[in-house]
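Please read the structure below before turning to the comments.
Read-outs throughout are calculated quantities, based only on the coordinates presented, and are distinct from any laboratory measurement. These numbers were taken from a predicted model, which means no experiment stands behind them. All Cβ positions, glycine included, derive from the backbone under ideal geometry; neighbour counts span all protein chains shown.
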């Protein structure tokens, strides 16, 4: 059963992105994020990660990809705009794609940063 969902104005979307998802932006009615990768392998890993999260959430983005990047676009087609579903899925995508276990401590070391054979995502540099 379809329910009415609140859609956000462009100004509200811009404000939430600035506060909650600074690497995402609003363009042509979609919230968007381009993930840079080191190779086709990394691109496929990002696509599969986003696909799993979208299917589990039952909210599906549009995806465009090339050899070393993936663009994810979200909007709620049924609501004809940006809703909380878009923000929530974007946050989960951001959290999982940019997870770096080696920086958390613990038993998981993460991929070797110095060996490009294992590199797959270009992590955002921390903001100063």
On a 0 to 90° scale, report how tilted helix 84-97 is relative to the longest principal axis of the chain, with both axes built from alpha carbons and the result rounded to the nearest 10. 0 degrees
Zone residues, region 25-55, relative to residue 5, backbone N less than 19 Å from point 7 Å out along Cα-to-Cβ: 25-33, 50-55
Separation of alpha-carbon centers, region 94-111 and region 1-72, rounded to whole Å: 21 Å
Using square roots of five times the C-alpha gyration tensor eigenvalues, list the equivalent-ellipsoid semi-axes of region 10-100 in whole Å, biggest first. 21, 14, 12
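Is it possible to state the helix-based mean residue ellipticity at 222 nm for the chain, with each DSSP H run of 4+ residues giving -39500 (n - 2.57), the sum divided by total residues, to the nearest 500 deg cm²/dmol? What is it? All intermediate terms of the calculation are to be shown ahead of the outcome.
On the way: 3 runs with 43 residues, N = 128.
The helix-only estimate for the chain comes to -11000 deg cm²/dmol at 222 nm.
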